[in-house]
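K.L.:
Okay, handing you the structure first.
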Amino acid sequence: MTPATKALDKASIEYRLHRYEHDPAAQSYGNEAADKLGLDPARVFKTLLASSESGELLVAVVPVTGMLDLKALASAAAVKRTAMADPAAAQRSTGYLLGGISPLGQKKRLRTFIDSSAGQWPTLYVSGGRRGLEIELAPQLLAVQTGAQIKPIARLPDTSDNRTLQS
């Protein structure tokens, strides 16, 4: 049990857990999950934290095949600009370690944004709160449970403008 699974159980949200052996040398946790679970990487979403110019932390859930578009996130959040959050601040705020940050069951409820590409899947995969654990659930249930807005915040592989992107 992790805070993410506890939150889903408490809310009676339907989900499935998928475990795999995490390789500490893995460079991309999301791509590792897709490879080891035999999933389309576009269906596996990573949880990133960004901060606004005022220091507000924002949660962005984007496909591992894409990158977070910081300008699009700023627009979605109605702030002037965003930048990737300090990793230590992300860990403190969420209660999770990098590579295992889940959008679910975080210590503090932060404004959350899910990329609109999530809507193309009946279910998607997000971190279960630790490396080697993925939660599969419907994107609408993820949005309800996190209070997220679904907005176009990712740049997907066919996009060539990489000036404001972060992976």
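K.L.:
Go through region 149-158 residue by residue and tally those that are of a type in the set (A, V, I, L, M), at pLDDT 95 or above and surrounded by fewer than 22 Cβ atoms within 10 Å (Cβ to Cβ).
P.N.:
Initial filter on region 149-158 (of a type in the set (A, V, I, L, M)): 150, 153-154, 156.
The next check asks that each one be at pLDDT 95 or above; those that pass are 150, 153-154.
Checking which are surrounded by fewer than 22 Cβ atoms within 10 Å (Cβ to Cβ) leaves us with 150.
Selection size over region 149-158: 1.
K.L.:
Another one. Scan region 95-139 residue by residue and report those that are of a type in the set (A, V, I, L, M), touching a residue at least 12 places away in the same chain (Cβ under 8 Å) and part of a loop (DSSP other than H, G, I, E, B).
P.N.:
Within region 95-139, 97, 101, 104, 110, 138 meet the criteria.
K.L.:
Kindly indicate the residue of region 18-52 that is out of contact with any Leu (no Cβ under 9 Å at 6 or more places or on another chain) and part of a helix (DSSP H, G or I) and also nearest to residue 87 (Cα to Cα) among those meeting that condition.
P.N.:
In this case the residue turns out to be 30.
K.L.:
Does residue 69 satisfy being crowded, with 20+ Cβ neighbours inside 10 Å and either over 28 Å from residue 37 (Cβ atoms) or in contact with a Lys or Arg (Cβ under 7 Å, 6 or more places away or on another chain) (or both)? Before the answer, list the steps.
P.N.:
Numbers: crowded, with 20+ Cβ neighbours inside 10 Å: yes; either over 28 Å from residue 37 (Cβ atoms) or in contact with a Lys or Arg (Cβ under 7 Å, 6 or more places away or on another chain) (or both): yes.
Spelling it out, residue 69 is indeed crowded, with 20+ Cβ neighbours inside 10 Å and either over 28 Å from residue 37 (Cβ atoms) or in contact with a Lys or Arg (Cβ under 7 Å, 6 or more places away or on another chain) (or both).
K.L.:
Which one is nearest to residue 113 (Cα to Cα), of the residues in region 23-54 that are surrounded by fewer than 12 Cβ atoms within 10 Å (Cβ to Cβ) and of a type in the set (S, T, N, Q)?
P.N.:
If we take residues in region 23-54 being surrounded by fewer than 12 Cβ atoms within 10 Å (Cβ to Cβ) and of a type in the set (S, T, N, Q), then 54 is nearest to residue 113 (Cα to Cα).
K.L.:
Of the numbered conditions (1) modelled with pLDDT under 95; (2) surrounded by 23 or more Cβ atoms within 10 Å (Cβ to Cβ), residue 20 satisfies every one except a single condition; which is it?
P.N.:
Single failed check for residue 20: (2).
K.L.:
May I pose another question? Go through region 1-17 and count every residue that is part of a loop (DSSP other than H, G, I, E, B) and either under 16 Å from the mean Cα position of the chain (by Cα) or surrounded by 15 or more Cβ atoms within 10 Å (Cβ to Cβ) (or both). Step through it out loud before you land on a result.
P.N.:
Within region 1-17, the subset part of a loop (DSSP other than H, G, I, E, B) is 1-2, 11-15.
With either under 16 Å from the mean Cα position of the chain (by Cα) or surrounded by 15 or more Cβ atoms within 10 Å (Cβ to Cβ) (or both) added as a condition, the list becomes 2, 13, 15.
The number of residues fulfilling the criteria is 3.
The values are calculated or read from the model by the stated rules, or taken from the named source; none is laboratory data. The model shown is predicted, which means the values in this text are computed figures rather than measured ones. Please note: Cβ atoms are built from the backbone with ideal geometry, for glycine as well, and neighbour counts cover all protein chains shown.
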